[in-house]
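Here's the structure we're looking at; comments come further down.
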């Protein structure tokens with residue numbers, strides 16, 4: 001399968017998974033779900049945080065080449081990120097681009113065998129945070145410290161702000177070789193980890209890539 005075909009499959013699976021999961025919470029048919037993607041920062045209608053107006057919930061979606069993650073919360077906002085373990089040869093450059101000075105110093109002190117997983121965990125927590133805020137890469141990852149349970153900024157740029165109070169970070173189960181994290185504006189007491197199509201009727205099961213669903217603070221389907 002070529003890269004363009006693979007990207008199309010990922011895109012279609014992600015859109016289908018979002019509608020299927022949201023339909024269970026909203027009591028609507030998947031085709032009735034209207035997802036808005038207008039950016040809150042610049043007004044672009046295509047690259048903002050996906051959301052459903054007046055839904056009483058918030059959600060975030062992330063994917064790799066093989067998996068799609070959809071996270072849903074019943075209170076506040078959520079940013080979700082799922083990433084695959086980087087190749088060992090990329091680690092030094094990725095760490096320099098993604099870690100704060102303090103994080104990088106601590107990372108260099110780790111045994112070599114632990115560095116890839118540590119960097120991946122930090123990366124997913126940082127991207128989950130920027131997806132929650134809607135900044136995306138407008139916040140350089142090296143200016144965002146995620147060593148604790150709540151992220152903090154190490155930049156003096158007045159245009160970059162985190163929500164107040166600061167978001168909460170939660171690591172969630174992920175497939176082998178991957179890491180996943182949530183950033184939420186309210187504390188997550190419980191995460192329900194579901195795998196599709198097991199959680200959906202056979203008649204509406206989506207195709208590969210394989211979707212995951214992480215539901216926080218929401219009732220059972």
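Bear in mind that the values in this text are calculations on the coordinates, not laboratory data. Being a predicted model, the structure only gives us computed values, none of them experimental. Backbone-built Cβ (ideal geometry, glycine too); neighbour counts: all protein chains shown.
Computed quantities for the displayed model
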{"read-out": "Packing-based order for 33-40, 139-146, 68-75, 105-112, using average beta carbon neighbours within 10 Å, highest first", "value": "68-75, 139-146, 33-40, 105-112"}
{"read-out": "Peptides ranked, highest mean first, by Cβ atoms within 10 Å: ranges 21-31, 116-126", "value": "116-126, 21-31"}
{"read-out": "Coordinate range along principal axes, alpha carbons of the range 3-216, Å, largest first", "value": "51, 36, 36"}
